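Chemist: Sharing a structure here in structure tokens format.
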2 protein chains.
Amino acid sequence: MTRLLYELAGAEPDRRFSPFCWRIRLALEHKGLPFEGRPWRFTEREAIAFSGSDKVPVLVDGARTIADSAVIAAYLEETYPDAPSLFGGPQAQALARFIGHWADGVLHPALVPLLLTDIHGVVAPQDRDYFRQSREARFGKALEAVCPDPEAQLVAFRRTLSPLRATLRAQPFLGGDGPLYADHIVMGAFLWARSVSARPLLEPDDPVAAWRERMLARLGEGSRGLVAA
Amino acid sequence: MTRLLYELAGAEPDRRFSPFCWRIRLALEHKGLPFEGRPWRFTEREAIAFSGSDKVPVLVDGARTIADSAVIAAYLEETYPDAPSLFGGPQAQALARFIGHWADGVLHPALVPLLLTDIHGVVAPQDRDYFRQSREARFGKALEAVCPDPEAQLVAFRRTLSPLRATLRAQPFLGGDGPLYADHIVMGAFLWARSVSARPLLEPDDPVAAWRERMLARLGEGSRGLVAA
């Protein structure tokens, strides 16, 4: 049986840039579950139609197909209880949801303006129109007009990291001594950025930068080879 | 043995308005530990000098004296392991730190401009000069100039609640089925506001408002009688 993870990819199949797919890649590695990451492009709706979802990540685990990163993470925890825990118990799982919503609603919105034109530059040729049109509709302006002042946006982005920074000043991972799914959630954003842009996001002495290095050092072999900007 | 919690109070001794003291009041109730809350004012430094701290909360628990809400919460969990857990395990305790830093660094700064002049109106007469001078030094302007547009500040405050709101849309408490110290951290901010200001902070249909009601309904008898604005 091959475990299959459909992952958003760019023109280069090894450029995987969805933060939500990264969460699941890290979660599978955390659990020690071997898998094949299959590159998927925005416009390949038919390829995942069997899942009932039009977005990745989609995980095919034997007879089971699961979509949506939060649902997949909960599925992995329930299905593989003897593998290292992604959550550390039901109460920690409940608290991780707050961090997930913080990532989705605060961290990503601060980061995406810095990445939009870079993403457009790396998506597959057949995805370019879709990406431009869908994002321009979302932001109500041309891709190139979303971030008129990247330096100011970078400052705003770094400011949103304050609770993360303060936490990582006192402990090596959000999960304490070792990473939990909460760490993978946040690391997904940094791997998203790293896969499309060479812009330095963090000051070298930022505790978040040291944590990111710790997380990078734990990447599985199959992830290390994936293209970074 | 009387367990004693020194709590910041206003001119009325039953007006307890420190968010950090509320965290510990809720934690003690959560643990089912009886205590006496002793009113303390900003300028009563000598009264708590024995603790080595110049700020409350200070807890005197038999022969032990502990200051700082985070340290007290960890102490209570360690010292009373058989009472209901404040954290739900070490990993959840690690994640709760993120929520604590989010409250301290994002939630409180969005709320305090709305409350400053109200607080000045309720502090004890001997605390008034101290409060004005220390806060004006911190903000670099007159108390009355810190929040020139309360309506805009209220909108900004509500926006900071987005990860809390999204989480509470899916589960009754931050801790899941029941409250944890993470809930007490955030509730401390709402009890702070409630103790000094009658301004409605939340739309009635906000999931955060329903959670606040659930938290209020769980207040211990000794806390229900405390003065609200």
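Chemist: For the stretch A:112-142, give me each residue that is in contact with an Asp or Glu (Cβ under 8 Å, 6 or more places away or on another chain) and within 24 Å of A:Asp14 (Cβ to Cβ).
Modeler: Taking the stretch A:112-142 first, the residues in contact with an Asp or Glu (Cβ under 8 Å, 6 or more places away or on another chain) are A:117, A:122, A:142.
Correct list: A:Thr117, A:Val122.
Chemist: What is the number of the single condition among (1) assigned to a strand (DSSP E or B); (2) surrounded by fewer than 18 Cβ atoms within 10 Å (Cβ to Cβ) that B:Val60 does not meet?
Modeler: Only one criterion is unmet by B:Val60, namely (2).
Chemist: Also, I was wondering about something else. Look through the stretch A:65-97, keep the residues that are surrounded by fewer than 16 Cβ atoms within 10 Å (Cβ to Cβ) and of a type in the set (D, E, K, R), and return whichever of them is nearest to the chain's Cα centre (by Cα).
Modeler: A:Glu78
Chemist: For A:Ala228, which of the numbered conditions (1) at pLDDT below 95; (2) under 15 Å from A:Arg23 (Cα atoms); (3) outside any helix (DSSP H, G or I) fails to hold?
Modeler: Just one mismatch for A:Ala228, condition (2).
Chemist: Output the residues belonging to the stretch B:161-170 that are touching a residue at least 24 places away in the same chain (Cβ under 8 Å), surrounded by 17 or more Cβ atoms within 10 Å (Cβ to Cβ) and assigned to a helix (DSSP H, G or I). Quick ask: steps written out before the conclusion?
Modeler: So in the stretch B:161-170, the residues touching a residue at least 24 places away in the same chain (Cβ under 8 Å) come out as B:161, B:163-165, B:168-169.
Now drop any that are not surrounded by 17 or more Cβ atoms within 10 Å (Cβ to Cβ), which leaves B:161, B:163-165, B:168.
B:Pro163, B:Leu164, B:Arg165, B:Leu168 - these are the residues of the stretch B:161-170 that are touching a residue at least 24 places away in the same chain (Cβ under 8 Å), surrounded by 17 or more Cβ atoms within 10 Å (Cβ to Cβ) and assigned to a helix (DSSP H, G or I).
Chemist: Residues in the stretch A:171-189: is at least one acidic (Asp, Glu) and buried (at least 17 other Cβ atoms within 10 Å of the Cβ)?
Modeler: Initially, the stretch A:171-189 is screened for residues acidic (Asp, Glu), giving A:177, A:183.
Among the residues that remain, those that are also buried (at least 17 other Cβ atoms within 10 Å of the Cβ) are: A:183.
Looking through the stretch A:171-189, at least one residue is acidic (Asp, Glu) and buried (at least 17 other Cβ atoms within 10 Å of the Cβ).
Chemist: Here's a follow-up. If I filter the stretch B:40-50 down to residues being free of Cβ contacts under 8 Å to residues at least 24 places away in the same chain and in a helix (DSSP H, G or I), which single residue comes out as nearest to B:Val123 (Cα to Cα)?
Modeler: Among those residues, the one meeting the criterion is B:Arg45.
Chemist: Give the stretch B:34-60 a look and list any residue that's in contact with a helix residue (DSSP H, G or I) (Cβ under 7 Å, 6 or more places away or on another chain) and of a type outside the set (S, T, N, Q), or say none. Write out each step before concluding.
Modeler: Going through the stretch B:34-60, the residues in contact with a helix residue (DSSP H, G or I) (Cβ under 7 Å, 6 or more places away or on another chain) turn out to be B:35, B:37, B:40-43, B:54, B:56-59.
Listed by number, the residues that qualify are B:Phe35, B:Gly37, B:Trp40, B:Arg41, B:Phe42, B:Asp54, B:Val56, B:Pro57, B:Val58, B:Leu59.
Chemist: To continue, here is another question. Would a scan of the stretch B:196-207 turn up a residue that is within 12 Å of chain A (Cβ to nearest Cβ), free of Cβ contacts under 8 Å to residues at least 60 places away in the same chain and not hydroxyl-bearing (Ser, Thr, Tyr)?
Modeler: If we filter the stretch B:196-207 for residues that are within 12 Å of chain A (Cβ to nearest Cβ), which is where we start, we get B:207.
Keeping just the survivors that are free of Cβ contacts under 8 Å to residues at least 60 places away in the same chain gives B:207.
Those left that are additionally not hydroxyl-bearing (Ser, Thr, Tyr): B:207.
Taking every residue of the stretch B:196-207 in turn, at least one turns out to be within 12 Å of chain A (Cβ to nearest Cβ), free of Cβ contacts under 8 Å to residues at least 60 places away in the same chain and not hydroxyl-bearing (Ser, Thr, Tyr).
Chemist: If you scan the stretch B:119-157, which residues turn out to be assigned to a helix (DSSP H, G or I) and among the charged types (D, E, K, R)?
Modeler: B:Asp127, B:Arg128, B:Asp129, B:Arg132, B:Arg135, B:Glu136, B:Arg138, B:Glu144, B:Glu151
Chemist: Say whether the condition of being of a type in the set (D, E, K, R), over 21 Å from A:Pro125 (Cα atoms), within 14 Å of the chain's Cα centre (by Cα) and outside the structural domain of A:Leu95 (by TED's automatic domain parsing) is met by at least one residue in the stretch A:5-17.
Modeler: Applying the first criterion (of a type in the set (D, E, K, R)) to the stretch A:5-17 yields A:7, A:12, A:14-16.
Subsequent filtering for residues that are over 21 Å from A:Pro125 (Cα atoms) retains none.
Looking for residues that are of a type in the set (D, E, K, R), over 21 Å from A:Pro125 (Cα atoms), within 14 Å of the chain's Cα centre (by Cα) and outside the structural domain of A:Leu95 (by TED's automatic domain parsing), one finds none in the stretch A:5-17, hence no.
Chemist: Can you tell which of A:Gly105, A:Gly88 is under 30 Å from A:Leu164 (Cβ atoms), within 14 Å of another protein chain (Cβ to nearest Cβ) and part of a helix (DSSP H, G or I)? Even if it seems obvious, please write down each step before you answer.
Modeler: Details: A:Gly88 fails: part of a helix (DSSP H, G or I).
So the residue among A:Gly105, A:Gly88 that is under 30 Å from A:Leu164 (Cβ atoms), within 14 Å of another protein chain (Cβ to nearest Cβ) and part of a helix (DSSP H, G or I) is A:Gly105.
Chemist: Looking at (1) in a helix (DSSP H, G or I); (2) more than 17 Å from A:Leu216 (Cβ to Cβ), which one does A:Asp183 not meet, given that it meets all the others?
Modeler: (2)
Chemist: If you don't mind, there's one more thing I want to ask. Within the stretch B:132-150, is there a residue that is among the small types (Gly, Ala, Ser), surrounded by fewer than 17 Cβ atoms within 10 Å (Cβ to Cβ) and at the interface with another protein chain (Cβ under 8 Å from one of its Cβ atoms)? First the steps, then the outcome.
Modeler: Within the stretch B:132-150, the subset among the small types (Gly, Ala, Ser) is B:134, B:137, B:140, B:142, B:145.
Keeping just the survivors that are surrounded by fewer than 17 Cβ atoms within 10 Å (Cβ to Cβ) gives B:134, B:137, B:140, B:142, B:145.
With the extra rule that they be at the interface with another protein chain (Cβ under 8 Å from one of its Cβ atoms), the set shrinks to none.
For the stretch B:132-150, residues among the small types (Gly, Ala, Ser), surrounded by fewer than 17 Cβ atoms within 10 Å (Cβ to Cβ) and at the interface with another protein chain (Cβ under 8 Å from one of its Cβ atoms): absent.
The values are calculated or read from the model by the stated rules, or taken from the named source; none is laboratory data. The model shown is predicted, which means the values in this text are computed figures rather than measured ones. Neighbour counts run over all protein chains shown; Cβ positions are idealised from the backbone, glycine included.
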